[in-house]
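Report on the structure given below.
The values are calculated or read from the model by the stated rules, or taken from the named source; none is laboratory data. If you're wondering where the values come from, they're calculated on a predicted model, not measured in any experiment. Counting neighbours? That spans all protein chains shown, and the Cβs are built from the backbone with ideal geometry, glycine included.
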Amino acid sequence: MSKSTQNNDATEQKRPKLDIPDDWQSIDDVIKSNQLMLERQYACDVFFLLGEQGVRQGAHKYVLISRSTVFDSMFCGPLCDSEASVASLDIALPDIEPDAFGSLLNYLYSGSTDVTADNVIPLLYAAKKYAVAGLINKCIAFVENHLDAQNACAVMEQAHFFDERDFQKKVLVVIQRKAEEVLATDDVTNLCEECLTTIVQSDQLMTKEELVLSACKRWAESECQRRGLCVSDENCRIMLGNTLYMIRFPLLEPSIFVKEIVSGSLLSEEEKVDVMGRYIVASREGTFFNSNLRTKQRHIRVHRFQGKKEYAFNNRSGSNAISFEVSKDVYVEGFIIFGTCRTGEHELEVKGFILDPADKVMCSVETSVVTSGKKDSYDVIFDESARVHQGTMYTLVVDIKGSHTFAGEGGRMAALSNDVIFTFTHSEKSLTGTTVSHGQLPGLICSL
Ligand SMILES: [Zn+2]
């Protein structure tokens, strides 16, 4: 949990102060009036006791009922006690902190609220609990667009805390792809043991094993301090538990193994001998540690256009599509789209999938992308990657709804990236004018 979600005053601080005169009822702005009723806690007829501290927050049943089927059932459904429904109520919500609930109320009262890396998962939890579809979508879009190496661990921990499994998977994909940066952040040391294990056991971390070891050691040292233990190799070994055996010691550079491990007691003598033996005889089966290379260690971004047109491309006539072949088997992880050519923030609804030669969907994604006008292109990552084989034709199909976007020009029939040749051909599924030479779908994101 972030510190801000535990700050009971944060709700008040975050709620925008409204510049409304005393005769506020005469102002012709329903949203402002609603917000003011909430901000001043005026004529509230329901109260919530939030978080473990039971911080009291008032609201208005009328607004809640009009914006959430769950509140509707709670206050007007067949199971609701009619006596209680007309009286003022105190409803205990120990699972929702005041900050997240304040943001939920802002949304219910005004149709907008600030979503940040600190509040997104608690807010998503609250939005799901009260079935507020618009806010759920806003939270999902935020995570998909703002998740980066710096906030990945914090968001992963929040997603774990609120049991948001789909988000945990999405965050793990970002962590795998940006492992080098993620493992260097301080937030790694604040992960719970389960989340650390999830990361360390991943086959797809794109980083050197030295950084995995270093992150695990820093985490174990922090864990010793959290438990009031002295920081020693022996205690770090105990803190790491089974996670120690997920560090792929045989993949370390021998010189680093000697420097970092041999003279210490993080590993037992028997374990050290086991690893040293594998340095000497590479094919030797080990006893303790996994020595499989972490796969997908090379990230490939292939761009098919040589330039970008400044004209607005209309995606409304249907799907964009492009067919491709690869010269070597790769995993397709996602694709690149152009942003909108208008200034300011705009949301694009994006639906994409890869078809195999029999037109069977191999992987897909449905998401919204908030374009800022500052970046030309944005990555969209499939929910799961798809293995594509050399010499076989696949097709990327993408629907984009929203403002007009930039478009590429000078498209190449073949592009080389990381020793893989991508060959592009026109697809009849393309209904927008996207072709090999111009249009949308500027690139693919793959891994080996
Ligand atoms: Zn966790």
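Tabulated values for the structure
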read-out: Of the criteria (1) at pLDDT below 90; (2) assigned to a helix (DSSP H, G or I), which one Asp163 fails; value: (2)
read-out: Pair list, Cβ < 8 Å and 6+ apart or interchain, from the stretch 198-209 residues that are closer than 13 Å to Lys178 by Cα to residues that are surrounded by fewer than 18 Cβ atoms within 10 Å (Cβ to Cβ) and modelled with pLDDT under 85; value: Gln204/Thr295; Met206/Glu180; Met206/Gln297; Met206/Arg298; Met206/His299; Thr207/Glu180; Lys208/Glu180
read-out: Members of the stretch 372-422 found to be within 26 Å of Val143 (Cα to Cα) and of a type in the set (Val, Ile, Thr), listed by number; value: Val380, Ile381, Val397, Val398, Ile400, Thr405
read-out: Residue among Ser232, Ser222, Ser214 that is within 16 Å of the ligand (Cβ to nearest atom) and either free of Cβ contacts under 8 Å to residues at least 60 places away in the same chain or in contact with a helix residue (DSSP H, G or I) (Cβ under 6 Å, 6 or more places away or on another chain) (or both); value: Ser222
read-out: Where Ile199 falls short, out of the listed (1) over 15 Å from Ala149 (Cβ atoms); (2) under 15 Å from the mean Cα position of the chain (by Cα); value: (1)
read-out: Given (1) more than 13 Å from the ligand (Cβ to nearest atom); (2) surrounded by fewer than 22 Cβ atoms within 10 Å (Cβ to Cβ); (3) farther than 24 Å from Ser68 by Cβ; (4) at pLDDT 90 or above, index of the condition Gly134 fails; value: (3)
read-out: Filter result (among the charged types (D, E, K, R) and loosely packed, with under 14 Cβ neighbours inside 10 Å) within the stretch 235-270; value: Glu253, Lys259, Glu269, Glu270
read-out: Odd one out for Leu293, checked against (1) within 30 Å of Val420 (Cβ to Cβ); (2) modelled with pLDDT of 85 or more; (3) exposed (fewer than 14 other Cβ atoms within 10 Å of the Cβ); value: (2)
read-out: Residue within the stretch 181-188 that is under 15 Å from Ile121 (Cβ atoms) and touching a Leu at 6+ places or on another chain (Cβ under 9 Å) present; value: no
read-out: Check on Ala179, away from the ligand (no atom under 12 Å from the Cβ) and assigned by TED's automatic domain parsing to the domain that holds Asp114; value: no
read-out: Any hit, the stretch 152-171, residues being away from the ligand (no atom under 16 Å from the Cβ) and surrounded by fewer than 22 Cβ atoms within 10 Å (Cβ to Cβ); value: no
read-out: Residue list for the stretch 185-206, restricted to those being under 18 Å from Met246 (Cα atoms) and surrounded by fewer than 21 Cβ atoms within 10 Å (Cβ to Cβ); value: Thr189, Cys192, Glu193, Glu194, Thr197, Thr198, Gln201, Ser202, Asp203, Gln204, Met206
read-out: Single match in Leu191, Leu205 (criterion: over 20 Å from Leu267 (Cα atoms) and away from the ligand (no atom under 16 Å from the Cβ)); value: Leu205
read-out: Counted residues, the stretch 327-360 - those being assigned to a strand (DSSP E or B) and closer than 19 Å to Phe424 by Cα; value: 13
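Yes/no per residue for (1) surrounded by 18 or more Cβ atoms within 10 Å (Cβ to Cβ); (2) among the small types (Gly, Ala, Ser); (3) under 30 Å from Cys236 (Cα atoms):
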| residue | (1), (2), (3) |
| --- | --- |
| Leu93 | yes, no, no |
| Asn106 | yes, no, no |
| Lys129 | no, no, no |
| Glu144 | yes, no, no |
| Ile175 | yes, no, yes |
| Ala179 | yes, yes, yes |
